[in-house]
Amino acid sequence: MSDLRYNLGFDMETYIQNLPAGLERAVLRALVFRVGQENAISRYKLLALVKAHARNERDLRLVINQLRKDGFPICSTGGKRGGYWLAGSAAELDEYMDRELKSRIKDQQEQLNALTRTRKAMWGEGLQGQLF
């Protein structure tokens, strides 16, 4: 198995073994050997490894999203050399969060602010309004 180690006695292998058979378990099994960005696996190769459990890319993206919410340090990046991997260090996880997650949050906040201003300008402060 991999040499992936976590603090506080967390044992990834035992955790994976205790998961019910399915996509979550298959994804973690594939990623446990992909520690560090230099070991990233492309979305298409990962999908091929878990194809018995995933109908399509959307299923894969949704399960990765949920695994991240469950606390698994799954990183990703797009592009020709992109893919998915487990963070190999706190610094690597921080870099991923800054580059991918925090920048999206900032962009979405800017969109929300702009649309809120537009709504107020077009319809005022009230909840009800007419478009034309």
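Read-outs throughout are calculated quantities, based only on the coordinates presented, and are distinct from any laboratory measurement. Since the model is a prediction, treat every value here as computed from it, not as a measurement. Backbone-built Cβ (ideal geometry, glycine too); neighbour counts: all protein chains shown.
State all residues of the stretch 39-53 that are over 16 Å from the mean Cα position of the chain (by Cα) and either at positive phi or in contact (Cβ under 8 Å) with a residue 12 or more places away in the chain (or both); if no residue qualifies, say none. N39, K45, L49, V50, A52, H53, listed by residue number. Enumerate the pairs (first residue in the stretch 61-74 and in contact (Cβ under 8 Å) with a residue 24 or more places away in the chain; second residue anywhere and of a type in the set (S, T, Y)) with beta-carbon separation below 9 Å, excluding pairs fewer than 6 apart on the same chain, so at least 6 apart or on different chains. Listed by first residue and then by second, the contacts come to I64/S76; I64/Y84; I74/Y84; I74/Y96.
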